[in-house]
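The values are calculated or read from the model by the stated rules, or taken from the named source; none is laboratory data. Given the structure is predicted, the values throughout are model-derived calculations rather than measurements. Note: ideal-geometry Cβ built from the backbone for every residue, glycine included; neighbour counts use all protein chains shown.
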Amino acid sequence: MLVIRPLQENDLDDLYAMAQSAGKGLTTLPADRELLQKKINHARETFNQRIAPEAGLYLFALEDIQRKKTVGISGIQARVGLDEVFYNYRLSVTVNASKELGVHVRTPTLHLSNDMTDTSEICSLLLSDDYKGGGNGLLLSRCRFMYLDEFRKHFSEKVFAEMRGVSDTQGRSPLWDALGTKFFDMEFSEADMLSGLGNKSFIAELMPKYPIYLPMLPDSARAVIGRVHDNTAPALRMLQSEGFNFNGLVDIFDGGPVVEAFVHNIRTVREGMNRHAMVTRKPVNLDVPADERVMVSNRSFRDFRVTTLPIDCIGPDTVSLPPEVAEALQIESGDPVRLAPLKDSGLLTKHSYRSSVSGGASKWQS
Amino acid sequence: MWLVRPAQPDDLDQILAIAGTQCARLSSTLPKQGDALAYKIEQSLASFAGRISAEDDPPRFLFVLENTETGDIAGTAGIDARAGNGQPFYSYRRDALIHASHELGVSRRVEVLYPSHALTDVTLLCSFSIRPELQGTDAFELLSRARILFMADHREWFTPRMAVEIQGVQLEDGSVPFWDSLGRHFFDMDFETADQYSGQLSKTFIAELMPPNPIYVTLLSEAAQEAMGQPHQITVPNFELLQREGFQPGNYLDIFDAGPVLEARTDSLRSLVTSHPMELHGSNEDVGETCLIAAGEREQFRCTLTPVAETLDDKLKVPVATWKTLNRTAGDRVRIAPL
């Protein structure tokens, strides 16, 4: 059984192994023990509410309970751009027109912006290759929306994600080669690595502050602005199905898009519903396909746990849990839980839900 | 004998013939269209006559180089009393920023072109054209420097600072590397068209179409970067002459072709400093050091080359033929400057 829970001290070794095998693409989780330890400490202080809410870094681990192994991580940063400056380029349009001459020229232009300052970011998603598929990635990503939903006052109304931009197999980014290197003598992979180590704003100090007119960049660079890396396309599709949209901002290094959504519009949030737990001794077959399972959370701030259950377990007021699931969620009969769809097919299409909630979903929303 | 004098309506056809042989950049200050040129000559005459006041429509002077034996016009030269002629005058100011990160121990100098109106309203030398075979001759120097002698005797019409735009790099196929890397994207027209518009139309179209933000030099094509501040081959003699006169390349570039803009303090110009007012007298001999000689106020202004036989106190002895060319007679005041 796989369970989401807050990152813990003893996750360091598993995290380090995962970061090592992930390679250069993941800048938010570099293979650096000291840095990973810092992140774990930061997350521990966050869940224990020992730091200011806006400084919070909520990191969740996906644990294979049987093997006692951490196989994935995902996170929410409560606010970006408060300690250091958070930069993006805004892709906008400059129009130069002369009626006298009948000339009307639209010039796509990149403006340096700090527009995401003070906004919550979902970040740091990494799943072990061995565990890809079967809805595990969805659980790892979507559990965060359940957390955002439960504890909205700790986050901004709008959340965003930076998607990895285009780079080739050697780790070269066409935008970086056309723009970044002109201002900063560094390979993309090195700059990317530094930015993962928290040096992004230092690098930004070296970047151009005036608008960049795209016709002055080569076609290869223009083509990747706002586009994601092939490996990131599934993650983008998942976020889009949750209601995230490209907001016109791109990464200053590789041109990857920023997608955003209002928390109340996120599908996982809209389609969530509350139940009470009922621990049952009846045998439950947990091993059903992903589209027949739902996410179930224990609604705890400090020890937030999420796992998946067959949709058939949902009753009109309760949800039936086998003892091992109750133990994984650290709940007992009668405790409140919250449910949300795991796959895009949702809850409403399932007979067990439809028969029990004739009044529609709205009354179940918190 | 070579004579520089104010352009007259009768000169129109000959000036058009010269303008047609010049390269593109000149068209912004010397129209290739008859009616536009006629208007320019008319305006020049009004300026010489003092009928135009500096406030509303600043004076613009157009001189021609005439071969007095044949009556042929061999070149033109102009002065705009106020650059921009009452409208903004556009340049790029070449500047630098240091992008440095103390934490990362790196520092880089980044060159930036800022759109600028700083040269608006300074006196501008312009409209210089001459038959190619006369490049680098005494007549060439006469045509260029006669303007400065005119300024010396009409100093109150001109400003303490001066500028002159030098044509920038244009390749043999007519392409302009700087334009192709920058202006073309925004103006959506070829260089020659834009240049003609800038001579004919109000400058509004530049305000409308020019990119409003600074430009990073490093994002321009290599050819465009190399062209910045470089004079066109054809203008090199003029470029060098103006530098001897006291003009210096500064931080300004032409917005279309990135040709250099030379600047000078008017009162430091060599022709102003080294020229003297003197009294005209006759000489029987046709020998002596060749000098520039200018005389006449406003529309009467004439400037030519003359051998100077003798200068004594305030008296200048030159051949009587020179008097005739200048339309002056003994005892009149003239201004003399060494070549």
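Given the criterion within 17 Å of the chain's Cα centre (by Cα) and farther than 15 Å from B:D254 by Cβ, identify the matching residue among B:L209, B:L149, B:L171. None of the other options fit; the residue is B:L149. Can you give me the number of residues within segment B:178-196 that are crowded, with 24+ Cβ neighbours inside 10 Å and farther than 10 Å from B:F256 by Cβ? Count: 0. When residues in segment B:91-117 are screened for being within 14 Å of chain A (Cβ to nearest Cβ), touching a residue at least 60 places away in the same chain (Cβ under 8 Å) and surrounded by 15 or more Cβ atoms within 10 Å (Cβ to Cβ), 8 of them pass.
Being modelled with pLDDT under 90, among the aliphatic types (A, V, I, L, M) and surrounded by fewer than 20 Cβ atoms within 10 Å (Cβ to Cβ) holds for only one residue in B:A17, B:A46, and it is B:A17.
Table: residues versus (1) among the hydroxyl-bearing types (S, T, Y); (2) assigned to a loop (DSSP other than H, G, I, E, B).
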site: A:G134; (1), (2): no, yes
site: A:L139; (1), (2): no, no
site: A:C143; (1), (2): no, no
site: A:Y147; (1), (2): yes, no
site: A:K153; (1), (2): no, no
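Taking residues in segment B:302-323 that are farther than 16 Å from B:L339 by Cα and of a type in the set (D, E), and partners anywhere that are at pLDDT 80 or above and assigned to a strand (DSSP E or B), the pairs with Cβ atoms closer than 6 Å and at least 6 places apart or on different chains are B:D314/B:M278; B:D314/B:E279.
Listed here are the strands (runs of 3 or more DSSP E) enclosed by segment B:79-149 that have at least 3 residues being touching a Ser or Thr at 6+ places or on another chain (Cβ under 8 Å) and under 16 Å from B:E245 (Cα atoms): B:123-130. The set of residues from segment A:304-332 being under 25 Å from A:L59 (Cβ atoms) and in a strand (DSSP E or B) comprises A:V306, A:T307, A:T308, A:L309. Restricting attention to segment B:169-192, the residues being under 21 Å from B:Q33 (Cβ atoms), more than 9 Å from chain A (Cβ to nearest Cβ) and free of Cβ contacts under 8 Å to residues at least 12 places away in the same chain number 1. For segment A:168-178, the condition holds for at least one residue, the condition being that it is modelled with pLDDT under 90, part of a loop (DSSP other than H, G, I, E, B), farther than 15 Å from A:P30 by Cα and hydroxyl-bearing (S, T, Y).
Just for segment B:220-241: of the residues that are crowded, with 19+ Cβ neighbours inside 10 Å, modelled with pLDDT of 95 or more and not in a loop (DSSP other than H, G, I, E, B), which one is farthest from the other protein chains (Cβ to nearest Cβ)? Top of the filtered list is B:A227.
Of all residues in segment A:100-138, none satisfies the criterion of being without any contact (Cβ under 8 Å) to a residue 40 or more places away in the chain, on the phi > 0 side of the Ramachandran plot and surrounded by 16 or more Cβ atoms within 10 Å (Cβ to Cβ). Among the residues of segment A:206-262, those identified as more than 14 Å from every other protein chain (Cβ to nearest Cβ) and of a type in the set (D, E) are A:D230, A:E242, A:D251, A:D254, A:E260. For beta carbons closer than 7 Å, sequence separation of 6+ or different chains, a first residue in segment A:52-69 that is under 16 Å from A:S128 (Cβ atoms) and surrounded by fewer than 17 Cβ atoms within 10 Å (Cβ to Cβ) and a second that is at pLDDT 95 or above and among the β-branched types (V, I, T), the qualifying pairs are A:I65/A:V3. Checked against (1) surrounded by fewer than 21 Cβ atoms within 10 Å (Cβ to Cβ); (2) in contact with a helix residue (DSSP H, G or I) (Cβ under 6 Å, 6 or more places away or on another chain); (3) without any contact (Cβ under 8 Å) to a residue 40 or more places away in the chain; (4) not acidic (D, E), A:V85 passes all but condition (3).
Residues that are touching a residue at least 40 places away in the same chain (Cβ under 8 Å) and over 18 Å from the mean Cα position of the chain (by Cα) were ranked within segment A:1-19; the one that is farthest from A:L126 (Cα to Cα) is A:M1.
Rundown of residues vs (1) touching an Asp or Glu at 6+ places or on another chain (Cβ under 9 Å); (2) over 21 Å from A:T308 (Cβ atoms), yes/no style:
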position	(1), (2)
A:L139	no, no
A:R142	yes, no
A:L148	no, no
A:M163	yes, yes
A:S167	yes, yes
A:W176	yes, yes
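One residue stands out in segment B:156-168 among those that are touching a residue at least 12 places away in the same chain (Cβ under 8 Å) and not aliphatic (A, V, I, L, M): the one that is farthest from B:I79 (Cα to Cα), namely B:G168.
When residues in segment B:135-166 are screened for being at pLDDT below 90 and in contact with a Gly (Cβ under 7 Å, 6 or more places away or on another chain), 0 of them pass.
Looking for something among the aliphatic types (A, V, I, L, M), modelled with pLDDT of 95 or more and part of a strand (DSSP E or B) - is there at least one such residue anywhere in segment A:95-113? Yes, the conditions are met somewhere in segment A:95-113. Comparison of A:K24, A:K39 shows that the only residue that is modelled with pLDDT under 90, touching a Ser or Thr at 6+ places or on another chain (Cβ under 9 Å) and in a helix (DSSP H, G or I) is A:K24. Condition check for B:I166 on (1) touching a helix residue (DSSP H, G or I) at 6+ places or on another chain (Cβ under 7 Å); (2) within 12 Å of chain A (Cβ to nearest Cβ); (3) not hydroxyl-bearing (S, T, Y): one failure, at (2). Of the strands (runs of 3 or more DSSP E) lying entirely inside segment A:238-279, those containing at least 1 residues that are surrounded by 18 or more Cβ atoms within 10 Å (Cβ to Cβ) and more than 16 Å from the chain's Cα centre (by Cα) span A:245-250, A:273-279.
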